[in-house]
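K.L.:
Below: one structure in structure tokens.
The values are calculated or read from the model by the stated rules, or taken from the named source; none is laboratory data. Remember, it's a predicted structure, so these values are computed and weren't measured experimentally. Note: ideal-geometry Cβ built from the backbone for every residue, glycine included; neighbour counts use all protein chains shown. Surface areas here come from the heavy atoms of the whole protein model, side chains and all, with no ligands, DNA or RNA. Shrake-Rupley method; radii C 1.70, N 1.55, O 1.52, S 1.80 Å.
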Amino acid sequence: MRKAFRGFLSLAVLIGTVGVTGASAGAATAAEPAAIRTGPAAGNGTGTGTDIKDRILAIPGMSLIEEKPYEGYRYFVLNYTQPIDHRHPSRGTFQQRITVLHKDTSRPTVFSTSGYNVSTSPGRAEPTRIIDGNQVSLEYRYFTPSRPAPADWTKLDIRQAADDQHRVFTALKRIYPKKWLTTGASKGGMTATYYERFHPGDMDGVVAYVAPNDVVDKEDSAYDRFFENVGTKECRDRVNGVQREALVRREPLEKRYREYAAANGYTFDTTGSLDKAYEAVVMDYVWAYWQYSLLSDCDTVPADAESATDQAIWDSIDSISGFSTYTDQSLERYTPYYYQAGTQLGSPDIRQPWVGGLSRYGYQPPRTFVPRSIPMRFQPSVMRDIDNWVKHHAHRMLYVYGENDPWGAERFRVGAGSRDSYVMTEPGGNHGASVAGLAENDSAKATAAILRWAGVAPAAVRDDPSKAKPLAKFDARLDRQDLMNERGLRP
């Protein structure tokens, strides 16, 4: 699994744009005073009059990095001391960053994970807006600065990460005693799923967006079928044609790439050569287009690639895949992801027959993008266990996918034994799919479930789920789904 990204430019997808009206708005706000309260039932022995910051910092191992103001909330960036190995806590610790967007301890809380770095700017995940609650966000272990030194990479696995989350929840549950939901998009949705698998008693519900589920790493035909049918033939031909032409023109475009790398101080030690990095960027192009673009964006792609200028081909590849993606300087930030893809998560290997014999390396595996000094061994049973558990034990879990997002070709599915769990698809949606973007009936059903799981569904919604709306008003600065970097082939 690689992932296209535009340097470190985030894809900001505005979600949850339905406003608060009628009975649900009243239910959300009637009991809330203008000033933020710390809540009457903390249960942590520090007293009801203690400031919320003091109560959080009273947790052993918790320390403040900074507090940032935001109207209607308190926002804290924190460090929390975690064991490097939860099975053997005496073998050392590291500092893991978390953030807390505090509204009121009488409100429910959303535990949000990206599976990557944590943003240190205030932001709300869609479920946080829906339930009008608090939000705790966690940086995934081994993403800097939340990395032990020296790093024992064998301790980077999905169980250790789930145990990180469990410890944070256990510590903060005493302060935020109401119901908790966990959420995340892409690798964050995977993270939320794995947490539920290993600690099913912690959360009252799971909302996982666009979460890939690569059960058998060597069987990727679902992706090939996806690319044969996604969008329209006209759009597929345009996108496929640009990718092919970038391989046809490898010599002049690699000359440009070499100049671009020299001008920016980029190197290619991890991939092994500029040629391998160039092809990796090009081979990502089709995937990245459908991951982040809409069918309506197809008119931005050169219609006749063979007649397009070198500059037009370069610009299209760079705008979608990003020529900085597989440089050492960009890859270093994502070493933990590629390590996990090559040891537990799996990664797609697609055919792309339209490139003919022009590819020299094929779809390069995660091993290509991790320094050789870090050993890797794939564990094929890990994702099979997760998939089987979700199918047979999912309880109050919601999966949201985009119809035109390639990561949804291999997705989670609920089956016999699952309860109050759903898989829904946004029509025409990409990797920014949201509850708000679902068809009207599905959106209302999903919103009602989230409100119900959080224990804040108004009476009108309990009687008629079609009336479900988010309880908090839309805020353009807070309410965005930040999918990290995202250009390249990472979820």
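K.L.:
Using the structure shown, decide if GLY362 is in contact with an Asp or Glu (Cβ under 9 Å, 6 or more places away or on another chain), open to solvent by less than 60 Å² (accessible area, probe 1.4 Å) and over 27 Å from ALA208 (Cα atoms).
P.N.:
Numbers: in contact with an Asp or Glu (Cβ under 9 Å, 6 or more places away or on another chain): yes; open to solvent by less than 60 Å² (accessible area, probe 1.4 Å): yes; over 27 Å from ALA208 (Cα atoms): yes.
Criteria met by GLY362.
K.L.:
A further question follows. Determine, yes or no, whether ALA312 is surrounded by fewer than 22 Cβ atoms within 10 Å (Cβ to Cβ), touching a residue at least 60 places away in the same chain (Cβ under 8 Å) and of a type outside the set (Lys, Arg).
P.N.:
Answer is no for this residue.
K.L.:
Before we move on, is TYR338 under 25 Å from ARG244 (Cβ atoms) and either touching a helix residue (DSSP H, G or I) at 6+ places or on another chain (Cβ under 8 Å) or of a type outside the set (S, T, N, Q) (or both)?
P.N.:
Criteria not met by TYR338.
K.L.:
Is it the case that SER347 is of a type in the set (Gly, Ala, Ser), open to solvent by less than 30 Å² (accessible area, probe 1.4 Å), in contact (Cβ under 8 Å) with a residue 40 or more places away in the chain and part of a loop (DSSP other than H, G, I, E, B)? Before you say what the answer is, go through the steps one by one.
P.N.:
Values: of a type in the set (Gly, Ala, Ser): yes; open to solvent by less than 30 Å² (accessible area, probe 1.4 Å): yes; in contact (Cβ under 8 Å) with a residue 40 or more places away in the chain: yes; part of a loop (DSSP other than H, G, I, E, B): yes.
Yes; evaluated as a whole, the condition is true for this residue.
K.L.:
Considering only the range 449-470, I want to know if a residue exists there that is polar (S, T, N, Q), surrounded by fewer than 20 Cβ atoms within 10 Å (Cβ to Cβ) and out of contact with any helix residue (DSSP H, G or I) (no Cβ under 6 Å at 6 or more places or on another chain).
P.N.:
There is no residue in the range 449-470 that is polar (S, T, N, Q), surrounded by fewer than 20 Cβ atoms within 10 Å (Cβ to Cβ) and out of contact with any helix residue (DSSP H, G or I) (no Cβ under 6 Å at 6 or more places or on another chain).
K.L.:
Separate question: Picking from VAL230, VAL216, VAL210, VAL239, which residue would you name as being closer than 28 Å to SER112 by Cβ and in contact (Cβ under 8 Å) with a residue 60 or more places away in the chain?
P.N.:
Testing whether each residue is closer than 28 Å to SER112 by Cβ and in contact (Cβ under 8 Å) with a residue 60 or more places away in the chain leaves just VAL210.
K.L.:
Shifting gears a bit: Taking the condition of being more than 16 Å from the chain's Cα centre (by Cα) and buried (at least 22 other Cβ atoms within 10 Å of the Cβ), how many residues in the range 422-435 meet it?
P.N.:
The total comes to 1.
K.L.:
Also, quick follow-up: Look at the range 288-309 and say how many of its residues are open to solvent by 50 Å² or more (accessible area, probe 1.4 Å) and farther than 30 Å from SER434 by Cα.
P.N.:
Within the range 288-309, residues that are open to solvent by 50 Å² or more (accessible area, probe 1.4 Å) and farther than 30 Å from SER434 by Cα number 5.
K.L.:
Which residue, of PRO145, PRO108, PRO122, is touching a residue at least 12 places away in the same chain (Cβ under 8 Å) and more than 19 Å from LEU64 (Cβ to Cβ)?
P.N.:
Among PRO145, PRO108, PRO122, only PRO108 is touching a residue at least 12 places away in the same chain (Cβ under 8 Å) and more than 19 Å from LEU64 (Cβ to Cβ).
K.L.:
Has the range 85-100 got at least one residue that is among the acidic types (Asp, Glu), over 23 Å from the mean Cα position of the chain (by Cα) and in a strand (DSSP E or B)?
P.N.:
no
K.L.:
Quick check on the range 354-362. Is at least one of its residues β-branched (Val, Ile, Thr), out of contact with any Cys (no Cβ under 8 Å at 6 or more places or on another chain), part of a helix (DSSP H, G or I) and at pLDDT 95 or above?
P.N.:
Taking every residue of the range 354-362 in turn, at least one turns out to be β-branched (Val, Ile, Thr), out of contact with any Cys (no Cβ under 8 Å at 6 or more places or on another chain), part of a helix (DSSP H, G or I) and at pLDDT 95 or above.
K.L.:
Just checking, does the range 374-395 include any residue being over 20 Å from LYS187 (Cβ atoms), open to solvent by 50 Å² or more (accessible area, probe 1.4 Å), touching a Ser or Thr at 6+ places or on another chain (Cβ under 8 Å) and in a loop (DSSP other than H, G, I, E, B)?
P.N.:
Checked against the condition, which is being over 20 Å from LYS187 (Cβ atoms), open to solvent by 50 Å² or more (accessible area, probe 1.4 Å), touching a Ser or Thr at 6+ places or on another chain (Cβ under 8 Å) and in a loop (DSSP other than H, G, I, E, B), the range 374-395 yields at least one hit.
Rundown of residues vs (1) of a type outside the set (A, V, I, L, M, F, W, C); (2) more than 26 Å from GLY342 (Cβ to Cβ); (3) open to solvent by less than 50 Å² (accessible area, probe 1.4 Å), yes/no style:
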residue: VAL248; (1), (2), (3): no, yes, no
residue: PRO252; (1), (2), (3): yes, yes, no
residue: THR271; (1), (2), (3): yes, no, yes
residue: VAL286; (1), (2), (3): no, no, yes
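K.L.:
A further question on this structure: Answer yes or no: is there a residue in the range 415-423 that is among the acidic types (Asp, Glu) and in contact (Cβ under 8 Å) with a residue 60 or more places away in the chain.
P.N.:
no
K.L.:
Here is a further query. Quick test of your reading of the structure: ASP104 fulfils all but one of (1) under 25 Å from ASP475 (Cα atoms); (2) assigned to a loop (DSSP other than H, G, I, E, B); (3) open to solvent by 10 Å² or more (accessible area, probe 1.4 Å). Name the failing condition by number.
P.N.:
(3)
K.L.:
For the list (1) among the acidic types (Asp, Glu); (2) open to solvent by 50 Å² or more (accessible area, probe 1.4 Å); (3) under 25 Å from GLY429 (Cα atoms), I need the number of the one condition that ASP318 fails.
P.N.:
The single condition ASP318 does not satisfy is (2).
K.L.:
Next question, about the same structure. In the range 155-202, what residues are in a loop (DSSP other than H, G, I, E, B), open to solvent by 10 Å² or more (accessible area, probe 1.4 Å) and touching a helix residue (DSSP H, G or I) at 6+ places or on another chain (Cβ under 8 Å)?
P.N.:
Matches in the range 155-202: ASP157, LYS179, HIS199, PRO200, ASP202.
K.L.:
Just to be sure before I move on: is ILE52 under 28 Å from GLY205 (Cβ atoms), modelled with pLDDT under 95, surrounded by 13 or more Cβ atoms within 10 Å (Cβ to Cβ) and in contact with a strand residue (DSSP E or B) (Cβ under 7 Å, 6 or more places away or on another chain) in the structure I sent?
P.N.:
no
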